Amino acid sequence: LGFVPTEWPGVFQGENIYVRHLTLLLLNELSDAPHNAYVKAFASRQKEKRKAFATLDQVDALPSKLISYLQGLRAIWSLPGGIEMSEVITPEYVMQVGEAWKRALLASLTPTELENYRPDYHQMLLQQGVEQGLEQGLEQGLEQGLEQGLEQGLEQGLALAKRETVRAMVARKFEIPMIADITGLTVEQINRILAEETNTPAA
């Protein structure tokens with residue numbers, strides 16, 4: 001085929017003039033070095049996939065989107081048909097699966113279980129929840145801002161974001177002091193938000 005092995009396992013280099021600029025990777029044969037785990041997650045052999053994910057599980061402070069993508073990929077590989085299933089797998093689909101996994105995990109954890117997570121991962125999950133609340137609130141506020149003025153819309157967006165975040169955390173039975181610490185609101189402000197929601201008439 002015009003490719004010869006290099007000094008690195010699973011890495012082949014083009015030999016003739018037509019493919020000399022190409023490098024070929026055999027994912028199943030790459031070494032188990034940590035930097036290879038990201039691509040070995042796509043290997044065809046289940047054993048190699050499992051080793052890759054086990055390595056990635058030990059990596060600290062992965063970006064949130066990468067965590068969602070890897071968890072989505074892991075969930076898809078675990079299906080009986082794996083990659084051979086008829087549905088087309090796109091990066092967007094993998095992200096959707098990963099986000100669904102994350103939401104299911106957060107919804108199933110009690111506050112005590114969440115507290116028992118590693119402190120850094122615990123804080124990361126909470127921060128993602130806060131960011132999602134801010135994003136939703138800002139979107140709603142900015143839509144209103146198109147009619148009422150950008151500045152007012154931003155203010156409303158931030159207010160909505162804080163309310164949505166507080167409501168979500170209260171629904172998961174977080175203590176008020178912890179909510180205050182995470183959101184930067186005072187206990188009085190949180191109680192006022194909850195009181196406003198209680199006094200809001202049902203639609």
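Going residue by residue through the stretch 39-57, is there one that turns out to be of a type in the set (Ser, Thr, Tyr) and at pLDDT 80 or above? Yes.
Table: residues versus (1) in contact with a Lys or Arg (Cβ under 8 Å, 6 or more places away or on another chain); (2) of a type in the set (Val, Ile, Thr); (3) assigned to a loop (DSSP other than H, G, I, E, B).
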{"site": "Pro9", "(1), (2), (3)": "no, no, yes"}
{"site": "Val19", "(1), (2), (3)": "no, yes, yes"}
{"site": "Ser31", "(1), (2), (3)": "no, no, yes"}
{"site": "Glu48", "(1), (2), (3)": "yes, no, no"}
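Among the residues making up the stretch 16-32, a single one is surrounded by 14 or more Cβ atoms within 10 Å (Cβ to Cβ) and β-branched (Val, Ile, Thr): Val19. Among the residues of the stretch 49-70, those identified as more than 20 Å from Pro91 (Cα to Cα) and either aliphatic (A, V, I, L, M) or in contact (Cβ under 8 Å) with a residue 60 or more places away in the chain (or both) are Ala54, Val59, Asp60, Ala61. Take the residues of the stretch 33-79 that are among the basic types (Lys, Arg) and either under 18 Å from the mean Cα position of the chain (by Cα) or surrounded by 13 or more Cβ atoms within 10 Å (Cβ to Cβ) (or both): which is nearest to Pro9 (Cα to Cα)? So, considering only residues that are among the basic types (Lys, Arg) and either under 18 Å from the mean Cα position of the chain (by Cα) or surrounded by 13 or more Cβ atoms within 10 Å (Cβ to Cβ) (or both), the one nearest to Pro9 (Cα to Cα) is Lys40.
The values are calculated or read from the model by the stated rules, or taken from the named source; none is laboratory data. Here the structure is a predicted model, which means the values were calculated and not measured. FYI the Cβ positions are ideal-geometry reconstructions off the backbone, even for glycines, and counts take in every protein chain you see.
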